[in-house]
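I have placed the structure first, in the form of structure tokens, so that the comments after it can refer back to it.
The values are calculated or read from the model by the stated rules, or taken from the named source; none is laboratory data. Since the model is a prediction, treat every value here as computed from it, not as a measurement. No Cβ is skipped: glycine too gets one built from the backbone with ideal geometry, and neighbour counts run over all protein chains shown. SASA here: full protein model, heavy atoms, side chains in, ligands and nucleic acids out. Shrake-Rupley method; radii C 1.70, N 1.55, O 1.52, S 1.80 Å.
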Amino acid sequence: MKVVLASQNKKKIVEMRAILSQMGVEVLSQADAGVNLEPEETGTTFEENSRIKAKAVMEATGLPAIADDSGLMVDALGGEPGVYSARYGGEGLDDTGRWQLLLKNMEGKADRTCKFVSVICCCFPDGTEVMARGECPGILAQGPSGDGGFGYDPIFYLPQLGKTMAQLTPEEKNKISHRAKALAGFQIEWEKQHNGTDQ
């Protein structure tokens with residue numbers, strides 16, 4: 001089965017393809033499907049934004065569309081940056097600028113617990129949808145380590161592995177990440193709804 005990924009993030013496309021291919025799902029980029037959309041994320045939860053993106057791309061292509069809305073929630077900051085993770089600090093910042101700002105805002109705070117959250121939503125042309133959430137707990141590092149991954153990965157420390165997310169190989173990350181957990185839950189929900197049949 002083919003689904004269109006509602007994202008322009010090339011690294012996210014690679015991750016999603018690697019994980020979803022194991023489910024027998026072929027992931028098309030928006031370019032593959034002949035569209036170029038960036039729906040406005042007006043939701044206040046990961047669930048709302050994931051649905052907004054998937055539904056917009058599904059309606060534009062006529063194909064099932066899958067979206068991931070994800071972000072970092074820091075306990076000492078009341079869950080920030082949360083759904084605004086990709087826009088933290090405004091449009092002028094890149095990934096490095098965003099995590100630098102986050103570390104600055106964490107100065108003097110003892111509690112550095114945090115978690116990555118991912119919500120996967122797939123919208124189908126018949127009006128049905130499949131949704132699942134995954135979380136990966138961690139600790140906010142004092143500074144960056146590793147050059148893999150993207151986003152906040154360099155400062156997201158995994159105590160059980162003794163590494164940041166950016167120090168993991170793609171294979172390691174795809175086993176333990178919030179996105180991998182969400183996709184595992186997504187597979188269970190998918191199979192419940194589709195009973196293994198090709199839609």
**Report entry** About the Cα centre, charge dipole magnitude for the chain (Lys/Arg +1, Asp/Glu -1 at Cβ), debye
**Finding:** 440 debye
Query raised in the report: Could you give the dipole magnitude of the range 127-174 about its Cα centre, charging the beta-carbon of Lys and Arg +1 and that of Asp and Glu -1, in debye to the nearest 20?
Result: 120 debye
Query raised in the report: Simple spin-label model, 7 Å along Cα-to-Cβ: E91 to D111 in nm?
Result: 3.5 nm
Query raised in the report: Relative to the present Cα-Cα distance, how much length would full extension add between T169 and R17 at 0.36 nm per residue of separation?
Result: 53.1 nm
Query raised in the report: With each run of n ≥ 4 DSSP H residues scored as -39500 (n - 2.57), what mean residue ellipticity at 222 nm is computed for the chain after dividing by its residue count and rounding to the nearest 500 deg cm²/dmol?
Result: -10000 deg cm²/dmol
Report task. In whole angstrom, note down how far apart the Cα centers of the range 151-179 and the range 114-130 are. Result -> 22 Å
Report summary line: Dipole check, the chain, charges on Cβ (K,R +1; D,E -1), about Cα centroid: among A6, I52, L20 the Cα furthest to the positive pole belongs to L20
Query raised in the report: So for the chain, taking the charge dipole from beta-carbon charges (+1 Lys/Arg, -1 Asp/Glu), which of V117, L37, V130 sits furthest toward the positive end?
Result: V117
Report task. Counting only C-alpha contacts under 8 Å and six or more residues apart, can you give the relative contact order of the chain as a whole percent? Result -> 18 percent
Report summary line: Sorted list, accessible surface of protein heavy atoms, 1.4 Å probe, largest first, for D94, D153 is D94, D153
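Rank these residues by their accessible area, most exposed first, probe 1.4 Å: T61, T42. Before the final figure, lay out each step's value.
Numbers: T61 35, T42 95 Å².
In descending accessible area the options line up as T42, T61.
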Report summary line: So Q100 and E191, fully extended at 0.36 nm per residue minus their Cα-Cα distance, gain in nm 28.7 nm
Requested in this report: Using a 1.4 Å probe and counting only protein heavy atoms, arrange T44, T96 so the residue with the most accessible area comes first.
Outcome: T44, T96
